1. Let me cross-check F186: its accessible surface, 1.4 Å probe, with only protein heavy atoms counted, in Å² to the nearest 10?
2. Could you check how much of the accessible area of segment 159-254 is carbon and sulfur, as a whole percent, using a 1.4 Å probe?
3. Do the alpha carbons of any pairs in K158/K221; K58/K221; K69/K142; K67/K246 sit beyond 32 Å of each other, and which pairs?
4. So what J values fall out for segment 219-224 if you push phi through Karplus, 6.51 cos²θ - 1.76 cosθ + 1.60 with θ = phi - 60°, rounded to Hz, Gly and Pro as x?
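The values are calculated or read from the model by the stated rules, or taken from the named source; none is laboratory data. Nothing here was measured: the structure is a model prediction, and the numbers come from that model. Remember, those area values only see protein heavy atoms, side chains included, never the ligands or the DNA or RNA. Shrake-Rupley method; radii C 1.70, N 1.55, O 1.52, S 1.80 Å.
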Amino acid sequence: MRFGRLIMLLMILFILSFAWAGGTSFLKGWLPAIPSSQSINSHLSSSWERSYRMIALKSAVDEKLDKKKYVKIQYIPLTMQQAIIAVEDSRFYRHFGFDIEGILRAMLVNMQTGDFTEGGSTITQQLVKNLFLTQDKTYGRKAEEFLLAMDMELRYSKEEILEMYLNTIYFGSGAYGIGDAAKIYFDKAPVNLNLAECALLAGLPTAPSLNSPYVDFNAAKHRQAIVLSVMSRQGFLGPQTAEEAKVAPIRLAK
């Protein structure tokens, strides 16, 4: 078992080395011929960070999480968890870090629009990006994202991944994570959020700067209605419950 795990990690590191080098030789991916010693040191540091993440992923994750504001999954309403899954990654419990169907669907949409409008990223991939990666759309970064997402699924349960995601996503208005979001928008602890509030929050991460109720309340309510409709369509809610939540009053913290 341990031997197999070691072989898999070595294979991952080998593939990553090629991805970082843009498809060139293994050695060039680790130490390209750069005349500046500062550039060499920077490249080595970056390579070490990438290797460290693959070899000691749990330690790397722990270093990135803000434990002071961290909210455990048992204190996050089930409706909040379901709302995020419904609109962010409906196949979350059925994939292994990346969703082939989602990728193919995104490719089709992108070909139809002629632009990179959809990425097909799963919650696990988004968590990896939130913790470690940039938003650059390069093949090397995407390769690292795929491999880290698969490694994340090997080392953590789905509940742990969802918990970390809800603690790292940006909800707009300076709110990073569900703890901040519940406090900033409703002056509540996450455990006290109702269905209408959970659905409103779940609609923010796609465009937090635009959909924040403090920026555009109507846009936030529109997204909330979409979230509730999707939750109903996917069986998380009954149609009547969804409609009642759409018209429930929203009382913001300020």
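1. 10 Å²
2. 54 percent
3. From the list (K158/K221; K58/K221; K69/K142; K67/K246), the Cα-Cα distance tops 32 Å for K58/K221; K67/K246.
4. Going residue by residue, I get 5, 5, 5, 4, 5, 4 Hz, with x marking Gly and Pro.
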